Each structure stands twice: as structure tokens, then as C-alpha cells.
Amino acid sequence: MSHKDKQFAAGAETHEFQAEVSRLMDIIINSLYSNKDIFLRELISNGSDSLDKIRFLSLTDPSALGSGDAEKLEIRIKVDKERGVLSIRDRGVGMTKNDLKENLGTIAKSGTSAFLEQMQKGGDVNLIGQFGVGFYSVYLVADFVEVRSKHNDDDTQWIWESKADGAFAISEDHGEPLDRGCEINIYLKEEAQEYLEESKLKELVGKYSEFINFPIYIYSSKEVSEEVEIEEDDEEIADTEDDDMDTDDDDDISDEDEDDTPKTKTVTKTVWDWELLNDSKAIWLRSSSDVDEEEYTKFYKALAKEDKAPLAYTHFKAEGDVEFKAILFIPELAPTDMFDNYYNKASALKLYVRRVFISDEFDELLPKYLSFIKGIVDSDTLPLNVSRETLQQHTSLKTIKKKLVRKALDMIRKLAEEGQDDEDDEDSDSEASVDTSDEETKYDKFWKSFGKAIKLGIIEDASNRMRLAKLLRFYTSKSPDKLVSLEQYVENMKEGQKTIYYLAGESQEQLQKSPFLERLLAKDYEVIYFTDPIDEYTMQNLTEFDEFKFSNASKEDLKFGDADDSEKKRNKALREDFKGFTKWWKDVLPVDDVEAVKISNRLVTTPCSVVTSKYGWSANMERIMKAQALSDDNKMGYMRGRKTLEINPRHPLVRALREQSEADPNSETTKELAVVMYETAMLESGFSFDKPADFAGRLFDLVRKNMGVEADADVLSDSEIDASLPEKKPKEPEVEDEVPDITFDDAEEMKDEL
Ligand code: ADP
């Protein structure tokens, strides 16, 4: 049956939908996506949210709940088959007239645009709930929708109506009084009549709304048999069946053999009653041994409004001074906006106090860097009848937070170890086992999605720094394709190696060719590659691991730890021998740029490189800071690491430059060569110039000299350049190149010859 012609109530106030809402509805209505089922989940979820709200309000104002039926915090589903209407009723807070207008006509939040964007990218309607626009999914199945609503703050009961054609209407509702809450009447589309079937609705509630913490009832019929006495005038067989679901006493009376004693018969009755569909006992209250993985996954999907299973979960009970139960989940993927507005984001945990939902925007439960963790916390220790603000300051929250962080980090560690174990198993397996080491482990996935969060944690959470450091993963010179941990690095350290080496830059490719690695690689030391802009910040907060200090391979004073006496002696002698030359070179270079010219112990095949002092920015850091839109020039100057030119005393170019400089210390050409070598080293070491033109000018000059072009050679004028061009010849007709035809036989012959 179609409700397309249904009209708004007479005299109703009509309003236009906000343009975004209309667009959203268009998309939903025209969505080819077949899973229309989700509308029920969204509406039940809204009902549950509004029940949470009234329950929360009643904590500080018990009269908010009212009395009698109004006290029943529940959701009821009913169908009217004849009219083709499905109704969902909750006794939640309800909406005032203004709420109806605002909540169901406009969308203030960025929800719509984010959702529309996702849909345009081929996203899934299924995720609509995540964007705060779930209500509109009702238009997947509805021709017409009524929302009847009563709020404590509004004396009037209102009805909101819309058929998704750009307008909605609000008028006073004279229907049955609701006490409080909402009733949504969905006039189902012709092709959505299946939602009138009890079995379908039960299936959907079971599938999607199992974890709603309020009872959900459906008005359903069942057949019951009953023995009744036969009355004299009841011998005739009545065969009446009535669809009217409000009547309990329409009997379907079965026939019976006539018998004198006893004068009874079995009667099959169709009884209509409210049937409870869910077990609203919260899953987190159950013992973890009674809940299986599938249930956790289902719970997660319902909680996170997510399609995918979580990567990991932990369910635990904290006892002692502060008691609480919690379930935490790690999603598989990071939300696209994870780091937008990072410092203002609340954690994604739902806080309950003694089963009563308090808030899902409670900032005090987890630190920012763990805000990707989803889950619920239910505490018996926190007080119930206080405002959110008072609760936020409660001392127990600190303890709860501390324990939650521990548990969350434990869960991540276990996830990491899981992958590790698999690998160990493989190693010990026989050769015949399939090598699956290339396969992405769960932890690899985790790292891809949330590695940055762990790095932020190292910066922000000093008390858990070591725990977090163990979770770090990176590629190295010895493991360019497979992530390794610091523990693995330390295990693989060479004898005599005293520090953990790393180098930061834009990409692995660039790092692999860095002159800074030459000596380290020659010594067969492993070097960690850091390519994430945040890495060097992180390393500023992590100075050692397992008693080994970290060394940045691009910084001055790089120690190799294993220099023997003869090497030390040689270095000293070299420094002495090159003293005059390094001083000359230093004097030739711009004063502000270079602090010193030194003999290098890290270079093998590169003539020279530029390193920074230990406490200033590295080249990579300088690059990152320059890229920041609001970088402060003063700070740039201050933090920019003092640079040292390191020269390779074994390199022929360096040796030649020394000879030339000694032959004629004042030669402009030699000085220029020294500057160009320095500048080239700057580039190779990852720095960029403030004035690239100077460098380019010098380099072109060198090229010019090399080609024997005079310094004052003129640049050609237009007329000179015209004259230099070859004269244009009249165009000759084009002749196609003749291609000899190859016959099939020739080809065969050629093949034979080959
Ligand atoms: P979300 O629930 O994610 O905010 P929806 O589009 O589902 O987004 O709902 C929009 C708003 O309408 C809700 O935030 C809520 O204020 C209001 N609302 C929807 N359903 C109900 C209901 N059953 N009772 C009270 N308010 C409701």
C-alpha cells in the first residue's frame, strides 16, 4: 500500500528542511544500497539515547520520571498491518516543539557533510549512525513519517510529520497522550512491507539491538491451548479469527468429540501481548568467561556503530578502593579525522555509573593519545546524584584513568606479542612450513592505524614512556620491509655497539643513500629509519632504551663505541695534520652558517657532509619546521642547529682541495670550490637553502669555467637569436617510408632461421 498521497494534519505549521537535510534525504531515498534494515537499529538507538537522557536527569530530579507507566524506561514496537504502519515508542526525554524543529529539520553538526562526502566516495549507508544523522535512515523504508512527542518542559504534545519532499509540518497532537517520550510512526513504502512481519522485526532486533540496555518489547501474538468447560449453547463451532491485535479474547475454538464427562474442550487462543526481545543485562556485568568472542564482536559493532570486528579487546574488573568494570576495544582502522582537533577531542569511552549511562564525552577517562580506544566503563564507586561537572572532578577518576591506561597498553602489548609468537613459531617450524612472514600481522595493522598515537604517547605520557617505547615499530637498514621493535634491535646489536642509531628523513629511499650511514653500515651496525615527521619529536623525549642511549646519525659527535687505540691515535694525528686546512676552509665559509670544519669519522665514500649540534634541530627537523605554516622565524633562527662541516680526509676531492689551498690560500677559484663543496654537502645532508640563487650562481659559474666560456660572454638578443636559427625551407611533401611487405612464408622462414 502506498502512503504517497498522505497529507499533513490540517492547520499544521509547515517548515522547509535545511538544504543539507534535503540533500541527505535525497541520497538516502535514492540509495541503491540494499540494506534497508538498518533504519530500525537507528531508531531504537535514538530511543535508547533518549531513555539514557531521562534516566540521567532523574538522578538529580527524581520527579522527572513521573509515576506509573511513565516510569517504565523501555521501548515498544508495534505494527498495524492494515494501515501498513510500524510504530516505535520510547519513554525517553522526548522533544519539545522547538527540539522537533531543530533536531529533525536541521543539522548543526558537521555530520551531514562528512556523511555526504563518504557516500560520494562510495561509502556505506550502514555507517550513517556514526555521523549523527541516523534518524533520516527512516526514509529508506518510509513514504511518510510521524513523530509524536511529549517533553517534560513542554505542556503540549506535538506531532511532526514529513514525507521527505523538502517540507515538514508540526502541529498539536490530539492522539493518545504519551506521558513522556516519542512515538515514531512509519508509513512503510510499498516495497518495505516486510517490516510489518513480526518475525522480521524480531530478527532485526536480535541482530542489531541486542545490547540496548533497556527492555525492547514487541506487540506479538501467540497461540495458546486451553481447556474450557463446554457450555450448553456453545456446541456450535465458532471459527473466528480476528486480526485486531488489541483484542485478547477472540478465540479459535477447535472441534472436540462429544462426550458427557468431563464437559470441557481444548481451545486454541490467539493471545496478543508484549513480548520482551532482549536481555538488557549489560554484557560488561557478566563474567568474561561467560562471554564469547562473537558476543564481544557483536557488542563492539553495536557500540562503535561499526561494520568491522575490533582488532583486540579486553574485559576486566577493577577492585579495591575504586571499583569498576570495563570493556575496551581497539578498532581496526583509525577514523579519518583522528588527529584533527586532537587536543579538543573527548575520549570515545562511554561512562556508566551503576548501570546508568552518564556520558560518552568524558574527557577524564583516557589521555588524548588513546582516544582511539572504544569501550565502556561502569563504576560503582562514583556518585550518581551529582552533575557531570562535579563528577568530572571526582578523585576516583584519576585512579580509573590510570588503570584504564594500563589495561589499554597491556592489550596493545598482547596484540604485539601475538604477532611475535606467530613468527617465533614459524622460525621453529620445519623448513617445509609455508613462509607467511610477509603477511600483515594484526599488530602491523595496528601500527599502520595507530602508530602515531603511540609516538604521541611517548611525548605526552612520561609515566608510561617505557611501556610505550616497547610498542614502537620501525624499519631499519637491516629490515627495510618488515617492522622491528626496539627490543629486537637491541637483541641484534653488534658486539661493541654502545648506542642505538637512527636517522630521520623524508623517505626510506632518501635515507638509504645518506652519507651519514656510510661508516655505520660499513661497521654492519643497524640504523633505524624514521620517516614520520613526528619521529624526531618523539625521540627528543626518549633518550634511552634498555640502558642504551640513542644517537642521531646526522648529529655531531657521533660515536661508534669501538674505536681502538690505534684508531684513536690516527684520528688525533689526522686532526693535527689537517688543522691548517680545516681552519682555511672554515674562514672561507659564511660565518653565520658554519661553526666548525672537522675531520669526519663517519664518511667513507662521500667527500663531506653537514651535521648539526646535538641539541639543535637536525636537517630533517629543520625541514619539518619550515613546512609548518605558522613557523616563527625568530625561533627558527634560535633552534636551527649549529652546523659543522665534516670532511673525509681520505677522499681525493678533499685531498686535492687541500693541495690547492696550500699552494695558494688566496685563490678565489679554490675558495669558490670550497664553498660549492660545502653547499653541495648541505643539500646531500638534507638541508635546503634560504638563498638557492647564490648556490646556483656559483655552480653555473663552475660549469662555465669547465666549458671554457668567458665570464663576460654576452647573452643573445632577439635579433641575434633569430639570425642563429636555420633558414626555413619550403615544405616538401611527406613521403611515407617504404616498408617491405613480409609474407607469411617469409615470416615462417625467418622463424626457422632463428
Ligand atoms: P544522533 O542521534 O546521532 O544525534 P539522529 O539523526 O539519529 O542523530 O537524531 C537527531 C537528534 O534528534 C538526536 O540527537 C536527538 O536529539 C533527537 N532525537 C531523535 N530521536 C529521538 C527520540 N526518540 N527521542 C528524543 N530525541 C530524539
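Couple of notes before you dig in:
- Total residues in the stretch 132-156, condition touching a strand residue (DSSP E or B) at 6+ places or on another chain (Cβ under 9 Å), more than 21 Å from Thr96 (Cα to Cα) and within 9 Å of the ligand (Cβ to nearest atom): 0
- Looking across the stretch 16-55 at every residue that is within 15 Å of Ala142 (Cβ to Cβ), away from the ligand (no atom under 12 Å from the Cβ) and among the polar types (S, T, N, Q), the one that is most open to solvent (accessible area, probe 1.4 Å) is identified as Asn30.
- Qualifying residues in the stretch 83-103 (those that are charged (D, E, K, R) and in contact with an Asp or Glu (Cβ under 7 Å, 6 or more places away or on another chain)) - the one farthest from the ligand (Cβ to nearest atom): Lys97
- Which listed residue, of Phe115, Phe131, is modelled with pLDDT under 90, in contact with a helix residue (DSSP H, G or I) (Cβ under 8 Å, 6 or more places away or on another chain) and open to solvent by 10 Å² or more (accessible area, probe 1.4 Å): Phe131
- Residue selected from the stretch 56-80 under the condition touching a Leu at 6+ places or on another chain (Cβ under 6 Å), touching a residue at least 24 places away in the same chain (Cβ under 8 Å) and in a helix (DSSP H, G or I), by the criterion farthest from the ligand (Cβ to nearest atom): Leu59
- One residue stands out in the stretch 672-693 among those that are among the charged types (D, E, K, R) and touching an Asp or Glu at 6+ places or on another chain (Cβ under 9 Å): the one that is nearest to Asp587 (Cα to Cα), namely Glu672.
- Residues (more than 16 Å from the ligand (Cβ to nearest atom), of a type in the set (Gly, Ala, Ser) and open to solvent by less than 20 Å² (accessible area, probe 1.4 Å)) located in the stretch 168-190: Ala169, Ser171
- Whichever residue in the stretch 675-699 is in contact (Cβ under 8 Å) with a residue 24 or more places away in the chain and under 39 Å from the mean Cα position of the chain (by Cα) and, among such residues, is most open to solvent (accessible area, probe 1.4 Å): Glu684
- Of the residues making up the stretch 702-732, just one is surrounded by 13 or more Cβ atoms within 10 Å (Cβ to Cβ) and either within 30 Å of Asn620 (Cβ to Cβ) or among the hydroxyl-bearing types (Ser, Thr, Tyr) (or both), namely Leu702.
- Selected residue (criterion: surrounded by the most Cβ atoms within 10 Å (Cβ to Cβ)) from residues of the stretch 280-295 that are in contact (Cβ under 8 Å) with a residue 24 or more places away in the chain and part of a loop (DSSP other than H, G, I, E, B): Ser280
- Yes/no for Thr606 being open to solvent by less than 30 Å² (accessible area, probe 1.4 Å), part of a loop (DSSP other than H, G, I, E, B) and of a type in the set (S, T, N, Q): yes
- Selection from the stretch 533-558 of residues that are open to solvent by 30 Å² or more (accessible area, probe 1.4 Å) and not basic (Lys, Arg): Pro533, Tyr537, Gln540, Asn541, Thr543, Glu544, Asp546, Glu547, Phe548, Phe550, Glu556, Asp557
- Verdict on Ser661 being at pLDDT below 90 and touching a helix residue (DSSP H, G or I) at 6+ places or on another chain (Cβ under 7 Å): no
- In the stretch 296-404, counting only strands (runs of 3 or more DSSP E) that sit wholly within it, the ones holding 3 or more residues that are open to solvent by less than 50 Å² (accessible area, probe 1.4 Å) and within 23 Å of Asp52 (Cβ to Cβ) span 324-330, 348-353, 356-359, 374-379.
- Among (1) at pLDDT 95 or above; (2) surrounded by fewer than 19 Cβ atoms within 10 Å (Cβ to Cβ), the one test that Ser477 misses: (2)
- Residue in the stretch 141-154 that is under 30 Å from Glu295 (Cα atoms) and buried (at least 19 other Cβ atoms within 10 Å of the Cβ) present: yes
- Just one of (1) under 23 Å from the mean Cα position of the chain (by Cα); (2) over 21 Å from Glu183 (Cβ atoms); (3) within 11 Å of the ligand (Cβ to nearest atom) fails for Gly129. It is (2).
- Lys482 vs. criteria open to solvent by 20 Å² or more (accessible area, probe 1.4 Å), under 24 Å from the mean Cα position of the chain (by Cα) and in contact (Cβ under 8 Å) with a residue 24 or more places away in the chain: yes
- So Leu116, is it within 15 Å of the ligand (Cβ to nearest atom), of a type outside the set (Val, Ile, Thr) and under 19 Å from the mean Cα position of the chain (by Cα): yes
- In the stretch 157-167, the residues that are assigned to a loop (DSSP other than H, G, I, E, B) and either within 16 Å of the ligand (Cβ to nearest atom) or open to solvent by 40 Å² or more (accessible area, probe 1.4 Å) (or both): Gln157, Lys163, Ala164, Asp165
- Sole residue being under 42 Å from the mean Cα position of the chain (by Cα) and surrounded by fewer than 21 Cβ atoms within 10 Å (Cβ to Cβ), chosen from Gly561, Gly580: Gly561
The values are calculated or read from the model by the stated rules, or taken from the named source; none is laboratory data. Computed from a predicted model, the values in this text were never measured in an experiment. Cβ coordinates were reconstructed from backbone atoms using ideal geometry, including for glycine residues, and neighbour counts include every protein chain displayed. SASA here: full protein model, heavy atoms, side chains in, ligands and nucleic acids out. Shrake-Rupley method; radii C 1.70, N 1.55, O 1.52, S 1.80 Å.
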